[in-house]
1. Do we find a residue being at negative phi, within 18 Å of the chain's Cα centre (by Cα) and part of a loop (DSSP other than H, G, I, E, B) anywhere in region 125-143?
2. Considering only region 94-115, I want to know if a residue exists there that is closer than 25 Å to Asp229 by Cβ and touching a Gly at 6+ places or on another chain (Cβ under 9 Å).
3. Can you tell me which condition Ala366 does not meet? The list is (1) away from the ligand (no atom under 12 Å from the Cβ); (2) in contact (Cβ under 8 Å) with a residue 24 or more places away in the chain; (3) in contact with a strand residue (DSSP E or B) (Cβ under 7 Å, 6 or more places away or on another chain), and all the others hold.
4. Quick check on my filter: what residues within region 372-386 are crowded, with 20+ Cβ neighbours inside 10 Å and closer than 14 Å to Lys255 by Cβ?
5. Please work out if Ala162 is away from the ligand (no atom under 16 Å from the Cβ) and at pLDDT 95 or above.
6. Going by what's in this entry, would Ala105 be described as surrounded by fewer than 16 Cβ atoms within 10 Å (Cβ to Cβ) and either at positive phi or aliphatic (A, V, I, L, M) (or both)?
7. Does Thr335 fit the bill of being surrounded by fewer than 16 Cβ atoms within 10 Å (Cβ to Cβ), in contact with a helix residue (DSSP H, G or I) (Cβ under 9 Å, 6 or more places away or on another chain), in a loop (DSSP other than H, G, I, E, B) and at pLDDT 95 or above?
8. How many residues does region 121-152 contain that are within 21 Å of Thr251 (Cα to Cα) and out of contact with any helix residue (DSSP H, G or I) (no Cβ under 7 Å at 6 or more places or on another chain)?
Amino acid sequence: MELDLSSMMTDPALANNPWPVYAGLRDHAPAIAAPFSRSRSGTVVVLSRYADIRKALSSPELFEANGANEMGQQRPCIPLDIDPPNHAKYRKLLDPLFSPRAVRAMADETRAIAKELLAEVVQDGRTDFHAAFTVPFPCRVFLNVVGFPVKDLDRFLVWKDALVHGEDVAGSDDLNVLRELWKKTANELYAYFDKLLDRRIEDPADDLATRLVQAEVDGDPLTRNEMLDILFLQMAAGLDTVTATLDCVLTRLAKDPELQAAARSEPEKMRQIVEELLRIETPVSLVLRYATEDMVIHDVPIAKGDLVMLMLAAANNDDREFDNPETLDVDRNNTRHFAFGGGVHRCLGSHLARQELSIALEEIFATLGPFSIPEGEEVNFVPGIRTAHSLPLEWKASVTT
Ligand code: HEM
């Protein structure tokens, strides 16, 4: 089987309906090597079966992070680019800051942001929901968590797009062009974060920047670079991921009135539906690692230093692991899906993400009547982190008027 990686990464038809490709890979090429300019060795090996991906995620000694996600960082991002044993000390510091309890304390402000954004569009009856809600909502939550002023939202959106949608912003997928864009963006971001940390030393607040300034790891304060490397990753990890999940979930609900009615019927059902959609859609469809030694998987040789692409989305739809994986089954025990990754790098922000998703949907259901995609419009997705280009929605009447 030939693997055309560049079309897999860019073809909109594949991004809109990736499930046949996932099945083809799992069934006919569960490990497949291809040339890839973003791999340090020039080769990437793609794995797609659940069992192989579980093994790779839980074996960081064989599959290391080691800067596999290139986005202009000047030093390894913390904790994503850090491997065990050092990784654990950063998670020990960060996990309590994103625990269910810590996250609950952010719920009221998160809800207020959702209400404010919805109030701006409710009377219109129709809008591009991606631009009006699914992009600004997680960005506003992020600004709040980290401690940045809302007036900087537009600057953040520009920086975020350059980091995670570099190809669109630069109008090119030439790696040299992308590296220039990432470098410039990263420099601006580090400088911005640096000033914020200075301010928080003078003027502490109830936010992440202040907690980092005051934090200790094994009795020592964090260095300034460690604080910057944590903040840089927060920016890259916590924005588009939530946007993509909202885009995927809202599109499904808009196209399926019965499913939408079920999600509206009770909060518990809504959470189960979101969890199943996280599994089926897997908006963060892949993660990257480097092989630390030579090995062979499904007869395919993987050399030490090859990039390994773990197709989380293919694993989450693997019928070797999930019965009828394409069926949304709210009674399924699907707690073992990899939508938030797995192993030591499992998502730090999963509790915050789930809270953002629940609050967003609760407020959308409370504010807008049943919504759908307007006739003649369609939703097209970006591959990788599956955000929509735009999300045209219309609703007949608002619930509150
Ligand atoms: C629905 C939304 C989200 C999804 C689907 C998601 C998905 C993921 C996935 C798949 C990984 C694993 C990366 C890897 O193994 O290479 C990850 C890691 C991570 N996520 Fe999320 N994420 C979401 C929201 C967030 C939010 C809101 C934050 C902000 C706190 C966040 C912060 C992180 C961090 C810091 C890591 C790295 C953890 C580590 O290396 O130990 N994520 N996320």
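The values are calculated or read from the model by the stated rules, or taken from the named source; none is laboratory data. Keep in mind it's a predicted model, so treat the numbers as computed, not measured. Quick reminder, even Gly has a Cβ in these numbers, built from the backbone with ideal geometry, and neighbours come from all protein chains shown.
1. Yes, some residue in region 125-143 is at negative phi, within 18 Å of the chain's Cα centre (by Cα) and part of a loop (DSSP other than H, G, I, E, B).
2. yes
3. Against the list (1) away from the ligand (no atom under 12 Å from the Cβ); (2) in contact (Cβ under 8 Å) with a residue 24 or more places away in the chain; (3) in contact with a strand residue (DSSP E or B) (Cβ under 7 Å, 6 or more places away or on another chain), Ala366 comes up short only on (3).
4. The answer is Val379, Phe381.
5. No; evaluated as a whole, the condition is false for this residue.
6. The answer is yes for Ala105.
7. Taking the combined requirement at face value, the residue does not satisfy it.
8. The total comes to 6.
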